[in-house]
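**Student:** Starting off with a structure, shown below.
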Amino acid sequence: MRSAVSAPSTIVVGAGIGGLTAALALARTGRDVLVVEQAQQLGEVGAGVQLSPNATRVLYSLGLREQLEACAFFPEAVEARSSDGRLVMREPLGAHAVSRYGFPYLHLHRADLHAVLARAAAAHPSIEIRLGARCAELSTDSTTASLVLAGSGETLRAALLVGADGIHSVVREGLLGTALPRFTGNVDWRALIPAAELSGVTPPPVASIWMGAGAHVVMYYLRRGELVNIVAVVEQAGWEVESWSERGDPEQLRAAFAGWNPTLTSVLAAVPPGACYRWALLDRAPLSSWSQERVVLLGDACHPTLPFLAQGAAMAIEDAAALAGCLSTDPFPTVALQRYEALRKPRTSKIQRVSRLNARIFHLRGRSATLRNRLLPAITRRTHLADDLYSYDALSVAADAG
């Protein structure tokens, strides 16, 4: 990456989806941004990500509409089904989402989304990305934030440091110390299948949720329909490895869903060897604070979200926009950071709670599952969950509250 920033006003730790979005949003407000990333090269895991209108609103405002739509899939709806295939609930997306919320619902390969953000950041004259730079320690006072790079011992200083370094955040630990996560009792399996390799089955063009006793599967298309993304969650004790690179045995995945609807089992039968991964889903207690002096957290670094509401990436993207908005309207950074936390914490905490609740709802058994299937559509309509999620405008929330 070229060096574009000699004296950054802001350092962002972590060049993931949240960190790069934050860099772009902050640069748009006139800040010079240095992004430090411990990896030697930029990249993302082979998995899908759902971007609802609350997220695409932010990304489109950064000028990324054309690039995102070129590699996206536009789902027609979200459908929830029981394990035998019966339709429980259907929420329209597609043109309905654009009409109601102003922006589309997209499915993207995480690597494609990350590449779009990385290219935009690399091309921006006010952003520098430094790779192979791992934060070893940090400090802050009322005027400056500092971090020391591992290996070289180089000290970097800026008026603001943003910790966007994910669920294993070094910045969070530097601020608040180490907190042990809690195993949720769920193991997450992920796989990507070329759609052309599916034989005798064509999944519908929707985000499908299949719910069963102690397990569920989410299935949707990526890359204009070229790939099918599988996320399968199974209740399991005794295996607590939290790693995106841990390979899983497709036969074990298929065995966990034996007897489910033939459409689902036919798709799982096509999962190729070597393309299946699994990891334990761990949860973390809410943080007492997201900021200290000139250091602030965003995304999974401060509110890791279980993947049962498809809002983890969206929350990091919203954080980036709200943080930039608060900093642009308040001349005192420490006050702006406190306002950012006050604005974002209630929403992200609610998303975390609903995500945890969904894990139980999806996995109900027997009569409880029958009752869920009967009541879920009415409950969803009555709580206005989709409107609450998708109509949120992170671009204006700071100005409206100011």
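The values are calculated or read from the model by the stated rules, or taken from the named source; none is laboratory data. This structure is a prediction, so every number in the text was calculated from the model and none was measured. In this analysis, Cβ positions are derived from the backbone assuming ideal geometry, glycine residues included, and neighbour counts consider all displayed protein chains. Just the protein is used for accessible areas: all its heavy atoms, side chains included, with ligands, DNA and RNA removed. Shrake-Rupley method; radii C 1.70, N 1.55, O 1.52, S 1.80 Å.
**Student:** Want the number for Asp400 to Gln40: 0.36 nm per residue separation, take away the alpha-carbon distance, what's left?
**Tutor:** Going from the current span to full extension adds 125.6 nm.
**Student:** Just to check I understand the Karplus step: with θ = phi - 60° and J = 6.51 cos²θ - 1.76 cosθ + 1.60, what whole-Hz values come out for region 302-319, glycine and proline as x?
**Tutor:** Coupling constants for region 302-319: 10, 9, x, 10, 5, x, 10, 9, 6, 10, x, 5, 4, 5, 5, 5, 4, 3 Hz.
**Student:** Continuing with the same structure: With label points built 7 Å along Cα→Cβ from the Cα atoms of Asp387 and Ala159, find their separation and express it in nm.
**Tutor:** 4.1 nm
**Student:** If each Cα of region 19-169 is one equal point scatterer, what is log10 of I(q)/I(0) from the Debye formula at q = 0.13 Å⁻¹?
**Tutor:** Each listed q corresponds, in turn, to -0.72.
**Student:** HN-Hα J couplings of region 68-73 from phi, Karplus 6.51/-1.76/1.60, θ = phi - 60°, integer Hz, Gly and Pro as x?
**Tutor:** The phi angles translate into 5, 5, 5, 10, 9, 10 Hz.
**Student:** Any chance you could run the full-extension gain for Phe332 through Thr265? It's 0.36 nm times the residue separation minus the Cα-Cα distance, nm to one decimal.
**Tutor:** Stretched fully, the Phe332-Thr265 segment lengthens by 18.5 nm.
**Student:** Another question, if that's okay. Return the ratio Rg/(2.2 N^0.38 Å) for region 244-402, where Rg is computed over Cα atoms only.
**Tutor:** For region 244-402, the normalised Cα radius of gyration is 1.32.
**Student:** Just the Cα atoms of region 132-237: what Rg and Dmax do they give in Å?
**Tutor:** Looking at region 132-237, its Cα Rg and Dmax stand at 21.5, 64 Å.
**Student:** If one takes the longest principal axis of the Cα atoms in the chain, at what angle in degrees, from 0 to 90 and to the nearest 10, does the Cα axis of helix 333-362 lie?
**Tutor:** Approximately 10 degrees, to the nearest ten.
**Student:** Given the Cα-Cα distance of Leu180 and Leu131 and 0.36 nm per residue of separation, how much length would full extension add, in nm?
**Tutor:** Additional length available on full extension: 14.8 nm.
**Student:** In nm, give the distance between the simple-model label positions of Thr370 and Val148, each being 7 Å from the Cα along the Cα-to-Cβ direction.
**Tutor:** About 6.5 nm, to one decimal.
**Student:** Something else: Once the whole set of protein chains is in place, how much accessible area is left on Arg365, using a 1.4 Å probe, in Å² to the nearest 10?
**Tutor:** Its heavy atoms expose roughly 130 Å² to the probe.
**Student:** Between Arg119 and Glu251, what FRET efficiency comes out of the Förster formula 1/(1 + (r/R0)^6) with R0 = 25 Å and r the beta carbon distance, rounded to 0.05?
**Tutor:** 0.05
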